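Have a look at the structure below, then the notes.
The values are calculated or read from the model by the stated rules, or taken from the named source; none is laboratory data. As the structure is a prediction and not an experimental result, all values here were calculated from the model. Because the Cβ atoms are built from the backbone with ideal geometry, glycine has one as well, and the counts that use them run over all protein chains shown. Side chains included, ligands, DNA and RNA excluded: accessible areas come from the protein's heavy atoms. Shrake-Rupley method; radii C 1.70, N 1.55, O 1.52, S 1.80 Å.
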Amino acid sequence: MAVVLAFAAAAATPYVAEVEQWRAKRLERLQADDGWLTVSGLFWLKDGANTFGYARGNDIVLPASAPPRAGVLHFSGGKATVRVEPGVHILSGGKPVTSMELRADTSSGGPDVLVLGPLSLQVIERGGRYGIRLKDNQSAGRRAFAGLTWYPVSEAHRVVARFVPNPAPKTIPIANVLGQEDQMPSPGYVVFKIGDTELRLDPVLEEPDAKELFFIFKDPTAGRDTYPAGRYLYTDLPKDGAVTLDFNKAYSPPCAFAAYATCPLPPPQNRLPVRIEAGEKKPAPLH
């Protein structure tokens, strides 16, 4: 027994401990109030009045914790304004709301979040379409969540890649699960090896002033072992022509946990021919 314990202690290197700590925080974020496990609906807004509440006659039907009629969202010209029904207690930024214009998640300073008991609503914009994302802290998906599973930490899957900058500003098309496509800025590409195979990935920037590279990739583990649509990985920006790719921190996109997420998908050039047996495995199927 002492030999086994000594081996386990030796195996828990500072690097392994750091990855395990990162994974614990990943789980904590996922399970948090307003985390992806709480996403319970997506309702595209129509021009004019969009009523919301528990009653089935509403345009946006909320869970039973909501009042039958909670309010109306007026939508026109890409702007949404909420008017709350008298006697209904809705907060935004911790303050009661009777009427206000709601900034979308793509707006500066947005999104504005409406809180109605365990529920929250916010405006999202995707490809010029505007909708209401509903989160429910009492969602069935959150209650049924069985945790995350991971490949064992592998130092062989933490690689230093050579970063090749694009000579001129460039965007690449990134499709999402809705069938929409966005042109996202890509500052260059990385070249690295897994085993004896040289590979390439194109990152994108989520914001013009982003402080991280965002890699959306897929490999032959997808489907059987990892999430079928692919996985995500963030890295620091290039330094001295290099980027560290730590596939032990590759994780499943929100769509693995929420049917109403609007996840970007791997571009064709980021579909790797080599199995990346590191990072997060696929979760239990959504119900």
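Any residue that is open to solvent by less than 70 Å² (accessible area, probe 1.4 Å) and basic (Lys, Arg) - is there at least one of those in region 259-277? No. For region 231-247, taking the residues that are without any contact (Cβ under 8 Å) to a residue 40 or more places away in the chain and not hydroxyl-bearing (Ser, Thr, Tyr), the one that is nearest to ALA278 (Cα to Cα) is identified as ASP236.
Output the residues belonging to region 212-227 that are open to solvent by 50 Å² or more (accessible area, probe 1.4 Å) and either assigned to a strand (DSSP E or B) or touching a residue at least 40 places away in the same chain (Cβ under 8 Å) (or both). Answer for region 212-227, where residues must be open to solvent by 50 Å² or more (accessible area, probe 1.4 Å) and either assigned to a strand (DSSP E or B) or touching a residue at least 40 places away in the same chain (Cβ under 8 Å) (or both): GLU212, LYS218, PRO220.
On inspection, ILE132 qualifies as surrounded by 15 or more Cβ atoms within 10 Å (Cβ to Cβ), among the hydrophobic types (A, V, I, L, M, F, W, C), more than 30 Å from ASP225 (Cβ to Cβ) and under 18 Å from the mean Cα position of the chain (by Cα).
Does region 92-101 include one or more residues that are of a type in the set (A, V, I, L, M), buried (at least 16 other Cβ atoms within 10 Å of the Cβ), over 24 Å from GLU207 (Cα atoms) and out of contact with any helix residue (DSSP H, G or I) (no Cβ under 6 Å at 6 or more places or on another chain)? Yes, region 92-101 contains a residue that is of a type in the set (A, V, I, L, M), buried (at least 16 other Cβ atoms within 10 Å of the Cβ), over 24 Å from GLU207 (Cα atoms) and out of contact with any helix residue (DSSP H, G or I) (no Cβ under 6 Å at 6 or more places or on another chain).
Taking the listed residues LEU73, LEU27, LEU42, the one that is part of a helix (DSSP H, G or I), open to solvent by less than 60 Å² (accessible area, probe 1.4 Å) and either modelled with pLDDT of 95 or more or aromatic (Phe, Trp, Tyr) (or both) is LEU27, with no other qualifying. Number of residues in region 141-157 that are surrounded by 13 or more Cβ atoms within 10 Å (Cβ to Cβ) and either within 19 Å of the chain's Cα centre (by Cα) or closer than 30 Å to GLY53 by Cβ (or both): the value is 5.
If the condition is being surrounded by fewer than 18 Cβ atoms within 10 Å (Cβ to Cβ) and among the small types (Gly, Ala, Ser), then region 158-187 contributes ALA168, ALA175, GLY179. Of all residues in region 87-114, those being under 21 Å from the mean Cα position of the chain (by Cα) and either of a type in the set (Val, Ile, Thr) or within 19 Å of PRO68 (Cα to Cα) (or both) number 3.
Among the residues making up region 45-70, a single one is under 18 Å from ASP105 (Cβ atoms) and either exposed (fewer than 13 other Cβ atoms within 10 Å of the Cβ) or among the polar types (S, T, N, Q) (or both): ASN50. Counting only residues that are small (Gly, Ala, Ser) and surrounded by 18 or more Cβ atoms within 10 Å (Cβ to Cβ), region 120-129 holds 1 of them. Of the strands (runs of 3 or more DSSP E) lying entirely inside region 92-208, those carrying at least 1 residues that are in contact (Cβ under 8 Å) with a residue 40 or more places away in the chain and not small (Gly, Ala, Ser) are 113-116, 119-126, 129-136, 158-165, 171-175, 181-185, 188-194, 197-201.
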